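Okay, structure first, notes after.
The values are calculated or read from the model by the stated rules, or taken from the named source; none is laboratory data. Model, not experiment: these values are computed from the prediction. Cβ placement follows ideal geometry from the backbone for every residue including glycine, while neighbour counts extend to all protein chains displayed. Side chains included, ligands, DNA and RNA excluded: accessible areas come from the protein's heavy atoms. Shrake-Rupley method; radii C 1.70, N 1.55, O 1.52, S 1.80 Å.
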Amino acid sequence: AVGTGLDLPGYTLFIAEQEYSSYKERLLALGMVTLSPQEQEELRITQGRPHPGRELTEDYNALEAGLWRAISFTKGCYIGQETIARLNTYQGVKQRLWGISLDKQVPEGSPIYLEQERIGTVTSCQKTISGEVIGLAYIKSKAGGEGLEIEVDHRAQGKIISVPYLSHDYY
């Protein structure tokens, strides 16, 4: 147990499957709350936590992924440090990870358009338990950010939203 991995109080527990029922009963008796895999994914997306293989791939760097707090600009040398420092110094982040609110679910990888110009890609999308559709997407920096109204794959309408886990500020 090492925190939630999100900007929320709590813990994420990794428990052997054969011991899960026993632990679950004890934790519930203590007032703990458990989440289903769907609820975990919904929470991850609404908080903006990038996921390996979706938002964290070789196609995107840590600054584009909004992980500014995870990067040191004062620590000595590390692999990729020069590139990251250059992006920060010259404010060169070309795309950013944002939350999106949509009117319908779309497949991951769907293109995002603003006035017929492609400006991004959906990386995660899920219908929430309450029926809303949320997602994460990389959007070109020049296109804009929070509040921008978008079209996804010429079949869904949406809006770019801020999510708590990500930051987009230069140092």
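Against the numbered list (1) modelled with pLDDT of 90 or more; (2) part of a loop (DSSP other than H, G, I, E, B); (3) open to solvent by 50 Å² or more (accessible area, probe 1.4 Å), C77 comes up short only at (1).
Would you pick out the residues in the range 9-48 that are of a type in the set (A, V, I, L, M), closer than 16 Å to I134 by Cβ and open to solvent by less than 70 Å² (accessible area, probe 1.4 Å)? Answer for the range 9-48, where residues must be of a type in the set (A, V, I, L, M), closer than 16 Å to I134 by Cβ and open to solvent by less than 70 Å² (accessible area, probe 1.4 Å): L43, I45. Against the conditions (1) open to solvent by 90 Å² or more (accessible area, probe 1.4 Å); (2) out of contact with any Ser or Thr (no Cβ under 9 Å at 6 or more places or on another chain); (3) farther than 14 Å from I161 by Cβ; (4) of a type outside the set (F, W, Y), P107 satisfies every one except (1).
Go over the candidates V133, V122 one by one and state the one that is under 26 Å from W68 (Cβ atoms) and open to solvent by less than 20 Å² (accessible area, probe 1.4 Å).
On the way: V133 fails: under 26 Å from W68 (Cβ atoms).
That would be V122, the only listed residue that is under 26 Å from W68 (Cβ atoms) and open to solvent by less than 20 Å² (accessible area, probe 1.4 Å).
For beta carbons closer than 8 Å, sequence separation of 6+ or different chains, a first residue in the range 21-46 that is within 30 Å of I100 (Cα to Cα) and a second that is in a helix (DSSP H, G or I) and of a type in the set (A, V, I, L, M), the qualifying pairs are T34/L27; T34/L28; L35/L43.
A single entry from L56, L87 fulfils the requirement of being of a type outside the set (D, E, K, R), free of Cβ contacts under 8 Å to residues at least 40 places away in the same chain and within 23 Å of K127 (Cα to Cα): L56. Just one of the listed residues (R49, R86, R26) is basic (K, R) and either assigned to a loop (DSSP other than H, G, I, E, B) or at pLDDT below 85 (or both), namely R49.
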